[in-house]
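Worksheet: the structure to be examined is printed underneath.
Every number in this text was worked out from the coordinates using simple rules, so none of it is lab data. For clarity, every value in this text was computed on a predicted model and none was experimentally measured. Cβ atoms come from the backbone with ideal geometry, glycine included; neighbour counts cover every protein chain shown.
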Amino acid sequence: MQEAVVRFQDILDSARSYLPGVQDALLRKAYVFAAVAHKARLRGSRLPYLSHPLAVTRILVDLKMDLPTLCAGLLHEVLEEENVAEEALRSWFGEEISGLVCGLARTSGMNLQSQRQRKLESYRKMLVVMSRDIRILLIRLADRLHNMRTLQFFPEEEQTRVAQETLAVYAPLANRLGISWMRAELEDLAFRHVQPEVYRDLKRRVEERVREKSEVIEKVSALLAERFRQERIEAEISGRVKHCYSVYRKMLRQGVDLEQIFDLLALRVIVQETRSCYEVLGIVHSLWTPVPGRFKDYIAKPKKNQYRSLHTTVVGPTGEPVEIQIRSREMHLEAEQGVAAHWMYKEKAGFDKRDEGRFQSLRLFLSTLQNFSSSRDFLDGVQMDLFPDEVYVFTPKGEVRELVRGATPIDFAYQIHTEVGHHCAGARVNGRLVPLRYELRNGDIVEIVTSKAQTPKKDWLKIVKTAEARSKIRAWLRQAEKDRAEVLGREILEKNLRRAGLQLGRLLQEGEIRTVLKELRLRTAEELFRAVAFGKISLTQVLEALPSSVGMEAKPEKDWTRDLSKLVKRAEKRSDSGVRVRGVADVLIRFAKCCNPVHGEEIVGFITRGRGVTIHARSCPKIRDGDHERWIDAQWEAGATFRQRAKIRVVSQDKPGLLAGISKAIAAADVNISSAKVWTTETNQGLAHFEVMVKNLGHLNEVIRSIERVKGVLSVERLHH
């Protein structure tokens, strides 16, 4: 594929559009100087070398950078590649432009894939130099982006190294500066070269999934647009597809498949001012039910890179989750351009106090680069800021492994190999033994000690931090529980069949057990044993499922339900919980505190040894992670008139009389408040948690809508814990 060529005139025209009165002569002089300096060189694509600085400057124009930065972009490799003297550059272009180019030259040639100590030192020096003027970092990022766009023209042995370096350093830097589009493109380009087969397969699946969900997004967009028209809210609605590498990382981090990534395709609503963001949020939540735990207010509490937006996920018109992002136009510009967006403001009117505040955390980050003398201290200090979610450690052979921050030797062991994780008995970090709950630090050299006698423990789930380790531990524990259940179920079945005058071995040998399996809709005898152990199938059901010739021989003395009293306790009287478990109303029932289901929600029972059946909402993450063999069908009893507790979170303006208005709205919905907690946030917003008694899910939604209608209320959501 031929590399696209950027024309200087296009750069000049674009620069004029946002830099009124730009000095064409200075930019032309930089262009001619670079053309003469690079005239004898060609790129790997066989195009003149000048095509590279032109492409880099085009990227800087897209970032709307100032004139000195554009000139430095055109000249950024004349010192390193063409041996032009610094004095000559200074005499032609002055201190500011030559300073940027010289700073770039000092960061070139630093091989971040060298030996461990050299890598840390090179990394430290590069960032220290770039921290002296943020524009140096932006030019270096533009340079790397164009190199990644044309990586296919690099020597093959260089492609993987450059791509890995991009994922490790340059993409996180773009993210730290808030330039989301650049980070996404750098990550996807690098992903394509580091794991080409995984990238191609995921890209294909993402595109298929987007096509499937596009109709839902269009329907939600149309409904929102009509409602905005009615409310006279000026808003721009568009779709956003999550980029491939971000999807890949989320799948690994959460241990889920693509179908469980709810924000793959999201709607973005852009309004004129901040106040309208909360108005739109109220409209969205009045149209569709919010998904619990999926609301994030990054306006009240911005991310570290100063990203601001409201994120909410709702159950759309077709029953599928839909993520909606709401932000003002100014927030959107900052989200796309990050720190670079402010050069446009500076050129127009200088920075105001609000702009200064946005740069405070960035200045703090850059200032830390000056304060570390050793490479190890530097890495620990800076990576906490630059890579807040990752830690990089080494195997004894020097291979780098990336883990989430807070990861333990058990997480490391499972990343090496599943069997290494299963038999992890201890660990040596930097040559000394450490406990398995030790939190790994950047630069640690980790060696795992294994033992065949060691197996995963349930307590490990409280220690590990990675989804991969947690998933593998749970899988092992589930399988071990199934194995124990098979042995227990077989013993119970043998014992009770013997009392009935039958032999389990004979039923298995002569094939009668196949009739039982067919009648009970089971596939194997092992499934039958597990169902017996968990109390899901009784002796009566087994006997009734036997062929008549065999069943007539059976003379059961008693059922074994009393033997299973430790698994499912029977209540003395009919339960007043309002729930039936597999058609039986006298099972000891309790409601899960993790999801607090209310009448009207889809529910499922979970057999809890010694504590009867725990009722969860079917959407509860905890039940999804549990052993499915311990699930049991449950449904609400018709005509139940009892009330249940539900928790509501209300965010509002902080003004007198508003709490009284909210309480009045709750009372108007025929609901009693059993408890309330109210406080004021750092952003001068009111925050209230109410515990109310409701009849069912419809009643709860009526309460929420009643509160949303109170003037001054910004958002209302149900809490599930």
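Structure summary
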item	result
Exposure proxy order (Cβ contacts within 10 Å, fewest to most) of Arg140, Arg205, Arg432, Arg229	Arg432, Arg229, Arg205, Arg140
In nm, spacing of pseudo-spin labels at Lys457 and Ala667 (7 Å Cα→C-beta vector)	5.5
Filtered GluC sites (Glu not before Pro), the stretch 224-269: DSSP coil and at most 12 other beta carbons within 10 Å	Glu234
Restricting the stretch 622-721 to trypsin sites (Lys or Arg not before Pro) in coil, as DSSP defines it, with at most 11 other Cβ within 10 Å	Lys711
Added length on full extension, which subtracts the Cα-Cα distance from 0.36 nm per residue, Asn701 to Ala222	170.1 nm
Computed E for Glu399/Ala425 - FRET, C-beta separation, R0 22 angstrom, nearest 0.05	0.50
Förster radius 56 Å - calculated FRET efficiency between Leu508 and Ala4, Cβ distance, rounded to 0.05	0.20
Sequence of Val671, Val542 once ranked by neighbouring C-beta atoms within 10 Å, starting from the fewest	Val671, Val542
Unsatisfied cross-links (Cα-Cα over 29 Å) in the set Lys242/Lys301; Lys397/Lys622; Lys296/Lys622; Lys397/Lys465; Lys304/Lys465; Lys219/Lys296	Lys397/Lys622
Charge dipole (the stretch 197-341, unit charges on Cβ, about Cα centre) - positive-most of Ile233, Ile283, Phe262	Phe262
In nm, spacing of pseudo-spin labels at Leu258 and Glu526 (7 Å Cα→C-beta vector)	3.1
Packing-based exposure ordering (other Cβ within 10 Å, fewest first) of Lys655, Lys250	Lys655, Lys250
Amide H contacts under 5 Å for Arg405, placed H, 5+ residues apart	Glu390, Val391
Residue among Val464, Pro435, Leu403 farthest towards the positive dipole end of the stretch 389-465, charges placed on Cβ	Pro435
